[in-house]
Structures are given as structure tokens and as C-alpha cells.
1. Of all residues in the stretch 97-130, count the ones that are of a type in the set (D, E, K, R) and modelled with pLDDT of 95 or more.
2. Out of the stretch 123-144, which residues are out of contact with any Leu (no Cβ under 7 Å at 6 or more places or on another chain) and either surrounded by fewer than 15 Cβ atoms within 10 Å (Cβ to Cβ) or more than 20 Å from Gly49 (Cβ to Cβ) (or both)?
3. Assuming Ala166 fulfils every condition listed in (1) at pLDDT 90 or above; (2) among the aliphatic types (A, V, I, L, M); (3) open to solvent by less than 70 Å² (accessible area, probe 1.4 Å); (4) not in a helix (DSSP H, G or I) apart from one, which condition is it?
4. Need pairs with beta-carbon distance below 7 Å; first residue within 11 Å of Gly110 (Cα to Cα) and within the stretch 5-19, second of a type in the set (D, E, K, R) and part of a helix (DSSP H, G or I); sequence gap 6+ or separate chains.
5. Taking Thr40, is it in contact (Cβ under 8 Å) with a residue 60 or more places away in the chain, within 23 Å of Pro199 (Cα to Cα) and open to solvent by 10 Å² or more (accessible area, probe 1.4 Å)?
6. Consider Lys150 against the criteria (1) surrounded by fewer than 12 Cβ atoms within 10 Å (Cβ to Cβ); (2) touching a residue at least 12 places away in the same chain (Cβ under 8 Å): it satisfies all of them except one. Which criterion is unmet?
7. Filter the stretch 82-98 for residues that are part of a loop (DSSP other than H, G, I, E, B), in contact (Cβ under 8 Å) with a residue 12 or more places away in the chain and open to solvent by 10 Å² or more (accessible area, probe 1.4 Å) and give the result.
8. So for the stretch 108-115 (the condition being without any contact (Cβ under 8 Å) to a residue 60 or more places away in the chain, open to solvent by less than 30 Å² (accessible area, probe 1.4 Å) and of a type in the set (S, T, N, Q)), does at least one residue qualify?
Amino acid sequence: MSFVFDISYSMNADDAPGGLSRLQASARYADMLLSRMQGTSVSVVLSKGDGVTVVPMTEDTEIASSLLDTLSPSLMTAAGTSLGKGVEAALHSFPASSAQSQTIWVFTDGDETDGQLAPALADCVKYGVNTVLIGFGTEREVEVYAGDGKTRVMTALRSDKMKKAAALASNYVMKGEKSAAVKYIDATEPGSALSLLRPLSAGSPDDGGQDTVSYEV
């Protein structure tokens, strides 16, 4: 499992539930997921104008969790938002020739500046890596400061763009190639966390058909 965090300045918009910024909400959401992923190898990638792996693949989820409180646009100097480069970095974080199931979770508002998300998602499908885009924020435009600390720019949750990119990538299936699922989930959608965690659960219907009962607050 690879976690990709969009740390661009648009993620500072405070339109997440509870008055949190999108970045704060994504950190809390990811921490909740990590607390239920013991035994799963994880890596962490930061995505802004570039994509950088800051936690290589490890089974120590506490290392990944400890990073969450420090997430900030100031961690990277590259300008803009390249979600595609973040996804590509996540792809390279997986061990070569591994037979284990591989998944990427992207925590973002989808407000990219270079249009590289769809091609990167197509690479995920090609290499058999499942990918979920997890959206934070609202569809309503809000103002945030750009990187210079002075310029005000408008930003919103670009769910339609992410859904379109996921649909385009899902159509990329070449004969003889691996294929995988790419989808979009709104973080505020009821049951969203459960739908992410269910494939990891040993007792899920996907692993032997056994029933489970789960509660989500």
C-alpha cells in the first residue's frame, strides 16, 4: 500500500468538516486507516510540483503515522501540483517483481496544474496496481494564498476531473497486459473508509466468503 499526499497550497483551504483544512482532514483520515492496517506494508509519497517518496515500503505503520502531523506545503519547494508525479513515485515505491497485491491511495482535492494524473493512472492499470483517489474539500470555490504568501487564488474539490481521469485510465487495458481498478471516493461519503479497508481484511467476503460486522463513526 502506498499513501500519496497532495501537499499543494490548495490543500490549505479550510472547507473540510469541522473547520479543518483539506490537508488536516486527509492526515486524520489517513491516521485512522493506518491504525487498522497492522501487517500491511506501506510507503508514503508527498506530491506537489513533484513526487517524492519520504517513507520507503515498511511494515512499521507507526513511522508513516508519525509523519502526518508534519504535512505542509513547505515540505517541498517545487511549485504547482503534479498528482501524476506523485502517483508515479508511488508506483516506484513497490518492490520489483512482487507477487503481493499493490494499491495506491491518493489524498487530494484533485486541483492539479499539469494534467499528468490520467496518464499516471493509466500506468497503474498497466502494471496491475489498484488506485483510489480520495477527495477532500467541497465543490464550492474558496480563496487560498498561493506559494508567494500574497496572491489569492480560487480552489475547489475537482471531483469531476478525478472521476474523468479514473474513467480514462480504466479504459486502458491492453491485450496480454495486467489490469487493475481505478476509482474515486469522496472522503465524506458514508462508509468510504470501510470500502477502502475491506479488501485488506482477512475475513472479508473477498477472502473466503465469511461475513464480518463493522462499525464506522
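The values are calculated or read from the model by the stated rules, or taken from the named source; none is laboratory data. These numbers were taken from a predicted model, which means no experiment stands behind them. Every residue, glycine among them, receives a Cβ derived from its backbone with ideal geometry; neighbour counts consider all protein chains shown. The accessibility values were calculated without ligands, DNA or RNA, using every heavy atom of the protein model including side chains. Shrake-Rupley method; radii C 1.70, N 1.55, O 1.52, S 1.80 Å.
1. Counting residues in the stretch 97-130 that are of a type in the set (D, E, K, R) and modelled with pLDDT of 95 or more gives 1.
2. If the condition is that a residue be out of contact with any Leu (no Cβ under 7 Å at 6 or more places or on another chain) and either surrounded by fewer than 15 Cβ atoms within 10 Å (Cβ to Cβ) or more than 20 Å from Gly49 (Cβ to Cβ) (or both), then Val125, Lys126, Gly128, Asn130, Ile134, Arg140, Glu141, Val142, Glu143 are the ones that fit.
3. Condition not satisfied by Ala166: (4).
4. From residues that are within 11 Å of Gly110 (Cα to Cα), the pairs are Met11/Arg22.
5. Yes, satisfied.
6. (2)
7. Residues satisfying the conditions are Phe94, Pro95.
8. Checking the stretch 108-115: not a single residue is without any contact (Cβ under 8 Å) to a residue 60 or more places away in the chain, open to solvent by less than 30 Å² (accessible area, probe 1.4 Å) and of a type in the set (S, T, N, Q).
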